[in-house]
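Computed from the coordinates by the stated procedures, all read-outs in this text should not be read as laboratory data. Everything numeric here is computed off the predicted structure, so don't read it as measured data. As a convention, Cβ positions derive from the backbone with ideal geometry for all residues, glycine included, and neighbour counts pool all protein chains shown.
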Amino acid sequence: MKFVHIADVHLDTPFKTISDRADIGVERRLEQRNALKKVIDYIKENNIEYLFISGDLYDQEYVRESSIRFLNDLFSEIPNTKIYITPGNHDPYIKNSFYSTFLWNSNVKIFTNVVEKVENDNVNIYGFGFNNFEMNENQLKDIILDEPEKINILITHGDLGESKYNHMNLNEIKSKGFDYVALGHIHKRDDSTNIVYPGSLISLGFDELGEHGMIVGEITDKKLNKKFIKIDEREFVEFELDVSNIISEEELIEKINSINEENKLFKIILIGYRNFPINIDIKLINKNIIKIKDNTKIKIDFKENNNTLKGLFVKKLNERKNNNLIDEKTYEDILEIAEQALGKNK
Ligand SMILES: [Mn+2]
């Protein structure tokens with residue numbers, strides 16, 4: 001049997017915090033839809049019999065019916081593929097969720113928090129998911145594979161570490177004897193064994209670096225063969241830029257804009273000692289640079305001196321800082337403005 005396993009699509013998530021740009025949300029949501037289309041195209045082209053979706057398919061808080069229709073239309077394009085969905089903590093099976101109110105295509109099976117076994121010819125599929133935004137108990141311990149000679153699959157969403165999100169014990173899962181365990185929840189891929197987190201289908205931000213996509217597997221004579229296929233055409237990358245030798249805003253903008261690799265979305269982290277106040281207008285920056293973080297420090301070459309204006313100023317300022325009347329950040333900001341106003345080395 002052949003299968004595709006995806007998780008953590010988070011359809012309709014707002015992507016609000018990943019960028020300084022206002023339009024990135026819509027752009028990334030278009031890419032989410034594209035990613036789903038690619039998964040369905042792969043299934044069509046390769047006659048895949050099963051699609052496992054291990055939770056957080058959409059964000060309950062934001063998802064619109066139009067997006068559910070879009071999903072369901074895609075599902076109806078692969079009528080010969082059996083689709084199994086286990087709700088996660090972001091798309092729990094609650095009373096008014098689309099899982100319970102929407103009329104899904106007949107090839108779609110949505111699990112609840114009660115463990116269910118679905119029997120196919122030579123494959124038994126066990127699944128359960130969330131019925132609320134947290135889940136502290138599950139019925140994993142009650143699962144016994146009653147037909148161990150068949151291919152046995154578990155699909156669910158949850159944590160292998162201690163948490164409020166369907167905590168499961170890895171050794172307990174291992175002891176059951178499943179041929180494949182399709183998990184979701186952790187957005188970083190872990191496909192080192194047959195207990196697999198595929199990771200989020202597309203990256204949701206700069207805490208999800210690297211490639212994202214789906215797991216494609218085949219089980220023949222109880223032997224598993226699987227591989228990762230990249231689906232997300234973009235990759236989130238963090239890049240540190242030392243500004244210590246950059247002497248003007250124009251030069252800094254040129255440097256930032258020279259970091260320009262197609263299909264990558266950059267967060268530029270400015271480091272080192274700045275020679276001027278940094279306040280870059282994002283409109284002047286290339287489109288694939290979506291966030292700029294300023295971690296630079298100022299050069300403080302001010303010395304206390306009773307004979308110069310600058311020296312007296314610094315003396316007063318240091319007194320205020322030492323008496324905790326101003327914090328470190330304010331101190332640096334004031335010094336930087338003073339340096340602009342009073343000039344360097346005076
Ligand atoms: Mn998730």
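Quantify how much of the Cα-Cα distance distribution of region 234-299 extends past 20 Å, in percent. Pairs farther apart than 20 Å: 21 percent. Going by Cα centres, region 239-257 and region 12-91 are how many Å apart? The distance from the Cα centre of region 239-257 to that of region 12-91 comes to 39 Å. Annotation: extensible slack from GLU162 through ILE278 equals 37.5 nm (criterion: 0.36 nm per residue apart, minus Cα-Cα distance).
Which of the listed residues, TYR84, SER67, ASN107, is farthest toward the dipole's positive end in the chain, when Lys, Arg count +1 and Asp, Glu count -1 at the beta-carbon? The residue sitting farthest along the positive end of the dipole is SER67. Separation of region 96-162 and region 283-346, taken as the distance between their Cα centroids, equals 58 angstrom. Dividing the convex hull volume of the alpha-carbon atoms in region 300-346 by its residue count gives 61 Å³ per residue. Entry for region 164-262 at q = 0.14, 0.18, 0.24 Å⁻¹: log10 I(q)/I(0) = -0.69, -0.92, -1.24, Debye formula applied to identical alpha-carbon scatterers, no solvent contribution. Taking GluC sites (Glu not before Pro) across region 143-202, the ones in a DSSP loop with at most 12 further Cβ atoms lying within 10 angstrom of their Cβ are GLU149, GLU162.
Computed over every Cα-Cα pair of the chain and binned at 10 Å starting from 0, the pair-distance distribution P(r) comes out as 5, 22, 24, 17, 12, 10, 7, 3, 1, 0 percent.
With Rh defined as the Kirkwood radius, the inverse of the mean 1/r over Cα pairs, the Rg/Rh of region 1-152 is 0.99.
Loop-located trypsin sites (Lys or Arg not before Pro) in region 15-101 (DSSP state other than H, G, I, E, B) with a sparse environment of at most 14 neighbouring Cβ atoms within 10 Å: LYS16, ARG64, LYS95.
Exposed loop positions in the chain were taken to be chymotrypsin sites (Phe, Trp or Tyr not before Pro) whose DSSP state is not H, G, I, E or B and which have at most 16 other beta-carbon atoms within 10 angstrom. Between these positions, the longest stretch is 134-346. A Förster radius of 35 Å, combined with the Cβ-Cβ distance separating GLN340 from SER258, puts the computed FRET efficiency at roughly 0.80.
A DSSP coil position with no more than 15 other Cβ atoms inside 10 Å describes the following GluC sites (Glu not before Pro) in region 242-291: GLU261, GLU262. For LYS283, the lysines whose Cα comes closer than 19 Å to its Cα, not counting residues fewer than 8 places off in the same chain, are LYS16, LYS255, LYS264, LYS267, LYS291, LYS293.
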